[in-house]
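Structure record follows, encoded as structure tokens.
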Amino acid sequence: MAFPIQRPRRLRRDASMRRLVRETELQANDLVLPLFVRAGVKKLRKEVVSMPGVFQLSPDEVERECAGAREDGVTSFIFFGLPEEKDATGSGAWAQDGAVQQGLQAARKALGAEATLVADVCLCEYTDHGHCGILEDKGTHVTVKNDPTLPLLAKAAVSLAQAGADVIAPSDMMDGRVAAIRKALDEAGLEDRPILSYAVKYASGFYGPFRDAADSAPKKGDRATYQMDPANAREALREAKLDIEEGADMVMVKPALAYLDIIRRVREEVLVPVAAYNVSGEYAMVKAAAQRGWIDEQRVAHEMLLSIKRAGADIILTYFARDAAKRLK
Ligand code: PBG
């Protein structure tokens with residue numbers, strides 16, 4: 001039975017009807033806003049050139065930003081740090097008065113308990129070479145030593161949890177880091193803190209603007225020996241399952257838009273909540289086109305976030321979080 005009996009347009013006649021049959025609904029509760037905290041400064045609110053509307057913030061400004069974001073309806077945040085000084089091992093990642101440690105405390109002051117503060121755990125923002133772990137120069141190429149990096153990540157995770165992080169989110173892509181972090185958190189009496197693992201993280205060109213924001217571009221070589229090959233989908237399922245076996249409470253797919261198929265497949269294979277990171281390059285493309293008047297920013301941003309949710313993500317990390325939450329109110 002088809003046309004003229006079947007007329008799908010009957011269910012699109014007006015806005016109320018369309019809302020009634022809508023399959024996917026975006027909510028402010030789904031969104032996590034990334035924040036960049038710079039240590040050792042005050043009253044800093046410096047816009048990232050390649051990410052209009054995104055700022056490097058001093059801890060006092062983090063407090064203001066969080067209060068404003070909450071007004072808009074955002075209650076979850078993920079923190080990245082810019083340390084005063086970098087070194088070979090990235091010791092700023094576990095400094096007691098480190099950038100994110102201070103940012104977490106400032107955010108807590110503004111938000112109280114009714115907020116979810118996620119701490120990204122990685123070393124690339126803190127190492128002088130810009131890689132996500134202990135560097136190994138092989139002459140022909142540079143790579144990162146896996147096992148010696150694990151205790152450093154664990155140390156950073158404990159320090160961030162002690163500073164008030166509700167969720168620990170390792171983004172380094174070392175093998176075995178979820179287990180190492182889980183063990184260290186438990187030994188420190190932090191067994192109640194969940195791990196959101198960047199389980200499926202591709203070696204992507206879409207991270208370009210983030211590396212300006214976080215000053216974390218590798219000085220030499222790239223991240224292809226630890227981040228995933230964009231050509232691989234089965235490997236994503238393997239990564240997600242391994243991280244869950246190691247103790248991940250939630251898994252992330254990153255980037256989001258060029259990987260909607262991966263979000264869908266991971267969603268179908270695992271039982272834990274799935275997050276997706278609508279990354280800096282995805283944000284910058286929309287902003288750049290909108291600035292030229294080539295697309296309608298709000299409409300396109302909403303459509304993007306909806307597509308990520310429709311693909312199966314429960315949680316979306318996005319620089320559009322404040323605007324989107326405001327619109328959804
Ligand atoms: C750190 C990290 C990166 C992002 C999140 N955590 C960059 C990278 O791997 O180089 C990217 C986020 C974005 O592009 O918005 N390892």
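Every read-out reported here was derived from the displayed coordinates using simple, explicitly stated rules and does not represent laboratory data. Predicted, not measured: the structure shown is a model, and the values here were computed from it. Quick reminder, even Gly has a Cβ in these numbers, built from the backbone with ideal geometry, and neighbours come from all protein chains shown.
Taking +1 at the Cβ of each Lys and Arg and -1 at the Cβ of each Asp and Glu, which of 140, 88, 24 sits farthest along the dipole of region 14-140 towards its positive end, judged by Cα position relative to the Cα centre?
Final value for the positive-end residue is 24.
Could you tell me how far the Cα centroid of region 123-186 sits from the Cα centroid of region 1-52, in Å?
33 Å
Determine the shape class of region 215-329: with a ≥ b ≥ c the square roots of the Cα gyration tensor eigenvalues, call it rounded for a/c under 1.5, and otherwise prolate if a/b is greater than b/c, oblate otherwise.
oblate
Suppose the chain between residue 292 and residue 29 were pulled fully straight at 0.36 nm per residue; how much longer would it get relative to their current alpha carbon spacing?
Using 0.36 nm per residue and subtracting the Cα-Cα distance, I get 91.6 nm.
Would you mind checking which residues have amide H under 5 Å from residue 228's amide H? H placed 1.01 Å from N; only 5 or more apart, or other chain.
Distant-sequence amide H within range of residue 228: 201, 202, 203.
Can you pull the one-decimal nm distance between simple spin-label points at residue 258 and residue 145, each 7 Å off the Cα toward Cβ?
Roughly 3.2 nm, to one decimal.
State the antiparallel share, in %, of DSSP beta bridges confined to the chain, rounding to the nearest 5.
Of those bridges, close to 20 percent are antiparallel.
I need the phi-derived Karplus couplings for region 197-210: 6.51 cos²θ - 1.76 cosθ + 1.60, θ = phi - 60°, integer Hz, Gly and Pro marked x.
8, 6, 6, 10, 10, 8, 6, 10, x, 6, 8, x, x, 4
So, by mean Cβ neighbours within 10 angstrom, what's the order for 274-287, 299-312 with the highest one leading?
The peptides rank, most packed first, as 274-287, 299-312.
Once a ≥ b ≥ c are taken as the square roots of the eigenvalues of the Cα gyration tensor of region 1-70, is the result rounded (a/c under 1.5), prolate (a/b larger than b/c) or oblate (a/b not larger than b/c)?
Prolate, since a/c reaches 1.5 and a/b exceeds b/c.
If you stretched the chain out fully between residue 241 and residue 187, how much longer would it get, using 0.36 nm times the residue separation minus the C-alpha to C-alpha distance?
Fully extending the segment from residue 241 to residue 187 adds 17.0 nm.
Please compare each pair in 201/241; 46/86; 145/183; 46/329 to a cut-off of 23 Å on the Cα-Cα distance and tell me which ones are over it.
Flagged as over cut-off: 46/329.
With θ set to phi - 60° and the Karplus curve 6.51 cos²θ - 1.76 cosθ + 1.60, what are the ³J(HN,Hα) couplings of region 248-254 in order, to the nearest whole Hz, using x for Gly and Pro?
So the J values, rounded to whole Hz, are 5, 8, 8, 10, 10, 10, 8.
Quick check: residue separation of residue 137 and residue 303 times 0.36 nm, minus the Cα distance between them. What number comes out in nm?
Full-extension gain reported as 55.4 nm.
Shape call for the chain from the C-alpha gyration tensor, a ≥ b ≥ c root eigenvalues: rounded (a/c under 1.5), prolate (a/b greater than b/c) or oblate?
Here the chain falls in the prolate category.
Okay, helix-only estimate at 222 nm for the chain: each DSSP H run of n ≥ 4 adds -39500 (n - 2.57), divide by all residues, round to 500 deg cm²/dmol; what do you get?
-11000 deg cm²/dmol
Between the alpha-carbon centers of region 236-284 and region 53-94, tell me the distance in whole angstrom.
Using only Cα atoms to place each centre, the spacing works out to 23 Å.
Quick one: which residues, 5 or more positions from residue 76 or on another chain, have an amide H under 5 Å from its amide H? H modelled 1.01 Å from N in the peptide plane, none for Pro or chain starts.
It is 33, 116, by chain and number.
Just how large is the dipole of region 104-262 about the Cα centre, in debye to the nearest 20, putting +1 at every Lys and Arg Cβ and -1 at every Asp and Glu Cβ?
For this selection, approximately 240 debye.
For every other residue with a beta carbon closer than 10 angstrom to the beta carbon of residue 30, add +1 if it is Lys or Arg and -1 if Asp or Glu, then tell me the sum.
Once all neighbours under 10 Å are counted, the net charge is -1.
Can you list the residues of region 27-70 with backbone N under 12 Å from a point 7 Å past the Cα of residue 84, pointing along Cα to Cβ?
Residues 39-42 fall inside that zone.
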